[in-house]
1. Restricting to region 444-482, name every residue that is closer than 23 Å to M411 by Cα, of a type outside the set (A, V, I, L, M) and in contact with a Phe, Trp or Tyr (Cβ under 6 Å, 6 or more places away or on another chain).
2. For region 200-221, which positions are of a type in the set (F, W, Y) and either assigned to a loop (DSSP other than H, G, I, E, B) or touching a Cys at 6+ places or on another chain (Cβ under 8 Å) (or both)?
3. Tell me the residue from S400, S385, S371 that is over 28 Å from G241 (Cα atoms) and at pLDDT 95 or above, please.
4. Do you know which of the residues in region 291-331 that are aliphatic (A, V, I, L, M) and part of a loop (DSSP other than H, G, I, E, B) is surrounded by the fewest Cβ atoms within 10 Å (Cβ to Cβ)?
5. From the residues in region 438-482 that are among the basic types (K, R) and crowded, with 16+ Cβ neighbours inside 10 Å, which one is farthest from Q126 (Cα to Cα)?
6. Counting only residues that are of a type in the set (D, E, K, R), give me the strands (runs of 3 or more DSSP E) lying completely in region 381-482 with at least 1 of them.
7. Being within 16 Å of the ligand (Cβ to nearest atom) and touching a residue at least 40 places away in the same chain (Cβ under 8 Å), is that true of even one residue in region 172-186?
8. Restricting region 332-346 to residues that are assigned to a strand (DSSP E or B) and in contact (Cβ under 8 Å) with a residue 12 or more places away in the chain, which is surrounded by the fewest Cβ atoms within 10 Å (Cβ to Cβ)?
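The values are calculated or read from the model by the stated rules, or taken from the named source; none is laboratory data. Keep in mind that what you see is a predicted model, and the values were worked out from it rather than measured. We place every Cβ from the backbone using ideal geometry, glycine too, and count neighbours over all the protein chains shown.
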Amino acid sequence: MSISRRDFVQTSALAAGALATVGYQKSARAADKQSVLRVAVIGVNSRGLEHIDCYLRNKNVEITTICDTDTEVGMKKGVKRVEEKSGKAPKFVQDLREVFADPNIDVVSIATPNHWHSLATIWAAQAGKAIYCEKPVSHNIAEGRRAVQAIEKYKVICQCGTQSRSHKAMQDAVAYIKSGKLGEVKLARGLCYKPRKGIGPAGTYEYPKSVDVNIWTGPAEMTELTRPKFHYDWHWQWNCGNGDSGNQGIHQMDIARWGLGVNDIAQTIVSFGKRYAWDDAGTTPNTQIEDFQFADGKRILFETRNLESDKYHDVGIGNIFYGTEGVIAMDSNYGKAALYDKDWKKVQEFKGGGMQDHVDNFVEAVIKNDSSLLNCPFVEGHLSSALCHTGNISYQLAKSASVDDIRSAGMGDAEWNDSLDRMLTHLKGHNVDVAGNPMHLGPKLTFDSKSELFTGTQAADANQYVARKGRGEFIIPEVADL
Ligand SMILES: NC(=O)c1ccc[n+]([C@@H]2O[C@H](COP(=O)([O-])OP(=O)(O)OC[C@H]3O[C@@H](n4cnc5c(N)ncnc54)[C@H](O)[C@@H]3O)[C@@H](O)[C@H]2O)c1
């Protein structure tokens, strides 16, 4: 279906009007407690289909509505999937504001691109819906905090889609760390060694005709399409994506924070790396190190590698927690972790869990109307997402630097040098000439977790990346306007 600009402006205005008229009418569930939960899944190209599958396996749920800005995707993927699996076709809407204005919907499940997560959560909270929001829960730090405030104000149940929090293997491994048996744990490594490919040349491409570009772009900047593939590859352009640190990496960032027991955003942050080997439309780094130090002396060292890489101590996508009494390492898919002694001899394994557990945990919390049951309340997602954003802000402020400059920035720290040396070996294996094509080194930023703003000499530059106002009908509300 082709939609002209005038058509979608009219549709959007209508939907916005509907929302205003309804006055954020609460979900009808309160008056209808015996029925199953009525769910709308928003964004169904890929991840949303997994949401659909999980809800359909839960007998307390019915998917009544599918929403997608792309009518082709919405009908041919989302609606089709629900109809095939449940025997009943859900309603389709293209404008998510119609979902929030519908009092017959109890739950919204958000699997749109990152730049929509916080605003969709805010609108859903204002409409009294329970919310499952994919990770990262924000595209920038300030909108994530605003969504936390909306959830608190409207007292809605909201789960962040970092499903590892519901995997038994991760829960048991983290419980082991928290029991003290691993000794003192000050350092967690996060590894995102996820091989990817370039996304094709930068240029001017046509948006698919089936997409409402105005709504898809939402609070982001309206731009021409500069990448060949419209869906998914927005991850690698800053306007809508957060690179792999804020894509796959947010899972490992969250597990690192959870295992270390840090409940704030780092006090100092520095990042370096580059987008190497691909001459493409992407702007986010494919090789990156982020070093986060916390007020209590704890530290997360995060490595992203999108060029093929060997694992590090059996971990490719995962975490390593270093305790004075041993090590815990977790590899891909969150269903597996292992305890090692100080000589890296395996002593114990932790196993089990899946995505279904996370959705079931959310549904249970909604039915019991008890947010304390949630395995990953939105605020945890906010802190972990914000961590990724701070690392990316250091990277975005980076300047070209020689290897010697980068080594000096670590001031002799052994872990810094080790991470740098392993990165250099990795790049050499891909014939990257780091001397001729220097990396980018960001400034060491200082951050205040109370105000969620940068402080110090770089504050003015760094704070420009903390918030984005939004655009047109898609403005992130101020606290007073929530
Ligand atoms: N938890 C996980 O393990 C996991 C795994 C994969 C993806 N994700 C997250 O899920 C999200 C979606 O990922 P994807 O790979 O499916 O992306 P995608 O780009 O392939 O699909 C996103 C879909 O959302 C639609 N959309 C965009 N804006 C919308 C709006 N305002 N209203 C309705 N629909 C809208 C698009 O048209 C598209 O069909 C991402 O944020 C990603 O980080 C999480």
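1. F447, F454
2. Step one: list which residues in region 200-221 are of a type in the set (F, W, Y), which gives 205, 207, 216.
Once the filter is applied, which keeps residues that are of a type in the set (F, W, Y) and either assigned to a loop (DSSP other than H, G, I, E, B) or touching a Cys at 6+ places or on another chain (Cβ under 8 Å) (or both), region 200-221 yields only Y207.
3. On the way: S400 fails: over 28 Å from G241 (Cα atoms); S385 fails: over 28 Å from G241 (Cα atoms).
Sole residue among the options that is over 28 Å from G241 (Cα atoms) and at pLDDT 95 or above: S371.
4. To start, the set of residues in region 291-331 that are aliphatic (A, V, I, L, M) comprises 295, 300-301, 307, 315, 317, 320, 327-330.
If we keep only those that are part of a loop (DSSP other than H, G, I, E, B) too, we end up with 295, 307.
Working: A295: 11, L307: 18.
For region 291-331, the residue satisfying everything is A295.
5. As a first pass, look at region 438-482 and keep what is among the basic types (K, R): 444, 450, 468-469, 471.
Now narrow it down to the ones that are crowded, with 16+ Cβ neighbours inside 10 Å: 444, 468.
Values: K444: 38, R468: 20 Å.
Restricting to residues being among the basic types (K, R) and crowded, with 16+ Cβ neighbours inside 10 Å, the top hit is K444.
6. The qualifying strands (runs of 3 or more DSSP E) are 399-401, 445-448.
7. No, the conditions are met nowhere in region 172-186.
8. So in region 332-346, the residues assigned to a strand (DSSP E or B) come out as 336-340, 346.
Cutting the leftovers down to in contact (Cβ under 8 Å) with a residue 12 or more places away in the chain gives us 336-340.
On the way: K336: 19, A337: 27, A338: 20, L339: 23, Y340: 17.
Among those that are assigned to a strand (DSSP E or B) and in contact (Cβ under 8 Å) with a residue 12 or more places away in the chain, it is Y340.
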